[in-house]
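J.: Before I ask anything, here is the structure I am working with.
Just so it is clear, none of the values below were taken in a lab; they were calculated from the coordinates. No experiment lies behind these values; they were computed from the predicted model shown. In this analysis, Cβ positions are derived from the backbone assuming ideal geometry, glycine residues included, and neighbour counts consider all displayed protein chains.
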């Protein structure tokens, strides 16, 4: 099915195919879906007409789901016009119109950059950035596992030389999944680690090099200089690298994740977002806020704690998992 066709089929009597991925998204988005559904039902129970008070409450509901302030205003304004145009009065009509507007807003973005960019003719280098505690190292380990399962040769670079235990943590993941880890001394120069990692990766004809980095935002100038130095080292050895700079965010932190994303966007050229712990939050609307306000594609999402629960982000499955059960036919 094409983009959002699966969701749109839910407005009809069609029964879309249920895949393993569909089930992962439905389970992973359960908290957000239930919270959104409960609030929406409560909203309709309290209002007999779709008036300005209704839209004020709807704005609070969407902001509460971390859809984002700017995104919420866009949706509610579009919905005002839609309700007038349709002369919608029934709960089912208004509820479906709300969901359609949320979907339409996401659909307006560029979906061509959704997939992780891989170098077909040589070494792919992917940098991971993000503050401490968001699941950066775990994401690297899980992604390494997935690429290894696909038959690719993977190497890890322990570029976070500042956080106590970061190097050891990555080494443990390397041993767990069966990937070589290039490391340096704690407190050492991250760019030197990256230089060694790229050199070893090329010598061993590695397919993919995943690079961990420090997550300190207290001194943005220092962090920016550090990341730029690492990128220059990579570009010297791999002219079109790094192929991705992925920002890892913890979905459970909601708007704090948005703040981090804005700060890292100012600091470095982020090409995509990894949203971890999406299954652990009732505020999965953060995906819509990131899409609308930052114009950075979400490329990977964490839908559980299992090794295979890090999923390539599928907007179609996301929309279906979040809204399909709420649609009233």
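J.: When you count, for each residue, the other Cβ atoms within 10 Å and take the mean per peptide, how do 278-285, 53-60, 121-128 rank with the highest first?
T.: Values: 278-285: 23.1, 53-60: 15.2, 121-128: 21.2.
Order by mean packing, descending: 278-285, 121-128, 53-60.
J.: Once the piece of chain linking residue 168 and residue 312 is laid out straight, how much longer is it, given 0.36 nm per residue of separation minus the C-alpha distance between them? Before the final figure, lay out each step's value.
T.: Numbers: separation 144, 0.36 × 144 = 51.84 nm, distance 2.69 nm.
Extending this stretch completely gives an extra 49.2 nm.
J.: Tell me what the chain gives for mean residue ellipticity at 222 nm when only DSSP H runs of n ≥ 4 count, each as -39,500 (n - 2.57), the sum divided by the residue total, rounded to 500 deg cm²/dmol. Don't jump to the answer; show the numbers that get you there.
T.: Values: 13 runs with 168 residues, N = 329.
Here the helix-only value at 222 nm equals -16000 deg cm²/dmol.
J.: Please report, in whole Å, how far the alpha carbons of the stretch 250-329 spread along each principal axis, starting with the longest.
T.: 45, 31, 20
J.: Would you mind ranking 37, 49 so that the residue whose beta carbon has the fewest other beta carbons within 10 Å leads the list? Intermediate values should be presented prior to the final figure.
T.: Details: 37 15, 49 7.
Final ranking by Cβ density, sparse to dense: 49, 37.
J.: Place the peptides 193-204, 79-90 in order of packing, highest mean first, counting for every residue the other Cβ atoms within 10 Å and averaging per peptide.
T.: Numbers: 193-204: 19.1, 79-90: 12.8.
Order by mean packing, descending: 193-204, 79-90.
J.: Still on this structure, I have one more. Checking a compactness column here: for the chain, what do you get for Rg(Cα) / (2.2 N^0.38 Å), N being the number of residues? The partial results should precede the final answer.
T.: Working: Rg = 21.5 Å, N = 329, 2.2 N^0.38 = 19.9 Å.
After normalising by residue count via 2.2 N^0.38 Å, the value is 1.08.
J.: Related question: Quick check: the angle from helix 190-203's long axis to the longest principal axis of the chain, C-alpha only, nearest 10 degrees?
T.: 80
J.: Now, a different point. Quick one: what do you get for the stretch 124-314 if you divide its Cα Rg by 2.2 N^0.38 Å?
T.: On the way: Rg = 15.5 Å, N = 191, 2.2 N^0.38 = 16.2 Å.
The stretch 124-314 yields a ratio of 0.95.
J.: Using a 10 Å cut-off around each Cβ, can you sort 170, 118 from fewest to most neighbouring Cβ atoms? Walk me through the numbers on the way to the answer.
T.: Values: 170 27, 118 13.
Exposure proxy ranking, most exposed first: 118, 170.
J.: Oh, and also: What's the extension gain from residue 221 to residue 52 if we count 0.36 nm per residue and subtract their Cα-Cα distance? Mind dumping the intermediate values first?
T.: Working: separation 169, 0.36 × 169 = 60.84 nm, distance 4.56 nm.
Using 0.36 nm per residue and subtracting the Cα-Cα distance, I get 56.3 nm.
J.: Note the angle between two axes, namely the Cα long axis of helix 69-86 and the longest principal axis of the Cα atoms of the chain, as a number of degrees from 0 to 90, rounded to the nearest 10.
T.: Value to nearest ten degrees: 30.
J.: How high is the relative contact order of the stretch 124-314, in percent, counting Cα pairs under 8 Å that sit 6 or more residues apart? Spell out each step's value before the answer.
T.: Values: 369 pairs, mean separation 45.9, N = 191.
Answer for the stretch 124-314 is 24 percent.
J.: Beta carbons within 10 angstrom, averaged per residue: use that to sort the peptides 64-71, 246-253, highest first. Please list the in-between numbers first.
T.: Details: 64-71: 20.4, 246-253: 24.1.
Top of the packing list down: 246-253, 64-71.
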